[in-house]
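Undergrad: I have a structure here, written as C-alpha cells, and I will follow up with some questions on it.
The values are calculated or read from the model by the stated rules, or taken from the named source; none is laboratory data. Fair warning: this is a prediction, and the values are worked out from it, not measured in the lab. In this analysis, Cβ positions are derived from the backbone assuming ideal geometry, glycine residues included, and neighbour counts consider all displayed protein chains. Ligands, DNA and RNA are excluded from the accessible area calculation, which covers all protein heavy atoms including side chains. Shrake-Rupley method; radii C 1.70, N 1.55, O 1.52, S 1.80 Å.
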Amino acid sequence: MPSDIKKFINPKFLRTIDLDLMRELFARHYEADEIPVAFVGEPAAIRQSLMDYFEAPVTEWSEGVVADLHRVAEVGTGEGLQLILNEARRQNVVLYPDAETGTDEDAPAKHDAKHVALHTYLHHHRVFEAAADFQALRAPSAMAEFRGPRRHVDADLTEDTKSAFRAAIIKLLAQDLQGEYCRVGQYEEDSEINLVVSHGAPVTTTPVVAGDREEIITLRAVKYAALRYSPAEGLLRVGGVAKARQADIAETFAEHILAQPGFFAGADARDLYTLDPIGAAGPGFAFDHAFDERILEVRIVAAAADLFERDEDEQKWRYVRSWVSRDASGGALRHFRESEVRFGRGWRLGEITFRVFFKTDRKRPAQVTARLKPPGTLAFRRTRFEKAVHALVARNGLETDRDAGMVVDAAE
C-alpha cells in the first residue's frame, strides 16, 4: 500500500492540488495546533512543506491520513471519475458550485480524477462512498453463483434486516481476524438487488525504509465484497470473498435478507453450468447468437479437454491428463479434430474461454472474454453487456436445466 500512495502523492499532484483540500484532509486527524504541515504563508512554501512531509518515511505519516489517501487513490482514476459523476447526478449533487467553477482555464487541475476524488471524499462523502461501491460491483471478474430451489423469492431489505446482516458479517470478519469495521451499501439496478460490504482486510506487515534503517509497519486496508441478487431467478452472485467464505456469506444473506435459512445450501445450488451440448456437438460446435443483433461474432479462443479412465477396483472415474487448445482466431475447438481427443470416450470438455464481439457506435467492436467451467464458474469482467453474455450462455443450452422455465426467463 505505501508504494501505491507514493505514486498517488507524486510531485505533480502536490504542485497542483487545491491546498484547502489538503488542509481539510490533515484537519481530520490533527488538532489545529498539531498539524505537521504549515498551511500558512505563500502557496509555494506550503507546497514545499507538503513535499517535505510526504518525502519522509511512511512510518512518520499519520495513519489516518494514509487510510484516507488509500481510499481516495482507489477511486481517483478515469473510471472512478465517471462513477463519481454518475452518482452525483443520481443524487442531484453539484460537486462544484458555480462560484467554484469559474475559470479561464480549458483544463483546470481541479478537474483531474485524483483531485475530484479527494474533493468528493471530503465534501460529498455519500457520493464518494456510492462511487466506491459501484467500482466494487464492477470489479469482480469471477463471482460465485448460488441458485435457490425456487424463483421469485423477494428480499426483505429493511433497516432491521440490514442491521442483522451486518452484525452477522462482523462475526465472520472477527473469526478471520479482519477487524470490526463494516458498512453495507444498498443499490437496485434492473430488478437486481446489489449490496456492497466494505470491511477491513487482514492485517499485513510491510518493510519500509526509515532514514538509514528498515522498519516494519502494519496496515489494514479496506476491502469490498459484492452481492448481487435476482429475485426472479432466486440467484445470488458473490464477489470479492475468499472461496472458503462464499457459502457462509450466501447463508448469511439467505437467513437475514431473505428470511430463508438454507435457501442456498442445497446440493445443486452451485450446479449452474454444463458443457454437455458442446461435447455432444463435437469440434464443430459454434455459438448461435442470431437472437441478439448486437453480437457480431463469438469465438472460442481456448478449450480444455480432460481424459478420465474407469478404475474398476475402486468403481470410480480417475483423472488422467488434459489436452489444452488455444486459438485467438476462434478455432480452439476445431483443433481437437486432429488430436487424440474424442468426446464420449473418456474425454470430457472441462472448460472453454470464448470472446464475444459486440456492435457499438465506434469503429471497433466491444469485446467481452468469458471463461466457462462447470459446475459453477462463468467468469468475465462485468460490463454493460453482462446480461447479453448470460443470455448467450442460456440460449445455447449451457445452463444446467434444473428448471426449464428458469432458463428461458434468464435468456429473455
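Undergrad: For a quick check of your reading of the model, give me the residue pairs whose first member lies in the stretch 272-295 and is farther than 23 Å from Ala379 by Cβ, whose second is open to solvent by less than 60 Å² (accessible area, probe 1.4 Å), with beta-carbon atoms closer than 7 Å and at least 6 apart or on different chains.
TA: Pairs that qualify, where the first residue is farther than 23 Å from Ala379 by Cβ and the partner is open to solvent by less than 60 Å² (accessible area, probe 1.4 Å), are Gly282/Phe343; Pro283/Leu333; Pro283/Phe336.
Undergrad: Assess whether Pro36 counts as being farther than 25 Å from Tyr181 by Cβ, in contact with a helix residue (DSSP H, G or I) (Cβ under 8 Å, 6 or more places away or on another chain) and open to solvent by less than 70 Å² (accessible area, probe 1.4 Å).
TA: yes
Undergrad: Let me ask you something else. Going through the stretch 112-126 one residue at a time, which ones are open to solvent by 10 Å² or more (accessible area, probe 1.4 Å), closer than 15 Å to Asn10 by Cα and of a type in the set (A, V, I, L, M, F, W, C)?
TA: Ala113
Undergrad: Among the candidates Gly344, Gly330, single out the residue that is open to solvent by less than 20 Å² (accessible area, probe 1.4 Å), assigned by the TED database to the domain that holds Asp292 and on the phi > 0 side of the Ramachandran plot.
TA: Gly330
Undergrad: Still on this structure: Which residue out of Glu255, Glu188 is modelled with pLDDT under 80 and either assigned to a strand (DSSP E or B) or not aliphatic (A, V, I, L, M) (or both)?
TA: None of the other options fit; the residue is Glu188.
Undergrad: Which of (1) at pLDDT 80 or above; (2) under 29 Å from Glu31 (Cβ atoms) is the odd one out, the single condition Ala130 does not satisfy?
TA: Every listed condition holds for Ala130 apart from (2).
Undergrad: Looking only at the stretch 143-179, count every residue that is open to solvent by 90 Å² or more (accessible area, probe 1.4 Å) and free of Cβ contacts under 8 Å to residues at least 40 places away in the same chain and tell me the total.
TA: Summing the residues that are open to solvent by 90 Å² or more (accessible area, probe 1.4 Å) and free of Cβ contacts under 8 Å to residues at least 40 places away in the same chain in the stretch 143-179 gives 6.
Undergrad: Still on this model: Conditions first: (1) open to solvent by 20 Å² or more (accessible area, probe 1.4 Å); (2) farther than 29 Å from Ala366 by Cα. Gly234 passes all but one, so which condition is the exception?
TA: Against the list (1) open to solvent by 20 Å² or more (accessible area, probe 1.4 Å); (2) farther than 29 Å from Ala366 by Cα, Gly234 comes up short only on (1).
Undergrad: Considering Thr400, Thr377, Thr360, which residue is β-branched (Val, Ile, Thr) and without any contact (Cβ under 8 Å) to a residue 12 or more places away in the chain?
TA: None of the other options fit; the residue is Thr360.
Undergrad: Turning to a different aspect of this structure: Based on what the data block shows, is Phe253 open to solvent by less than 60 Å² (accessible area, probe 1.4 Å) and hydrophobic (A, V, I, L, M, F, W, C)?
TA: Yes; evaluated as a whole, the condition is true for this residue.
Undergrad: Sticking with this one: Restricting to the stretch 50-72, and then to whatever is within 19 Å of His124 (Cβ to Cβ) and surrounded by 20 or more Cβ atoms within 10 Å (Cβ to Cβ), can you tell me which residue is modelled with the lowest pLDDT?
TA: Ranking the candidates gives Leu69 first.
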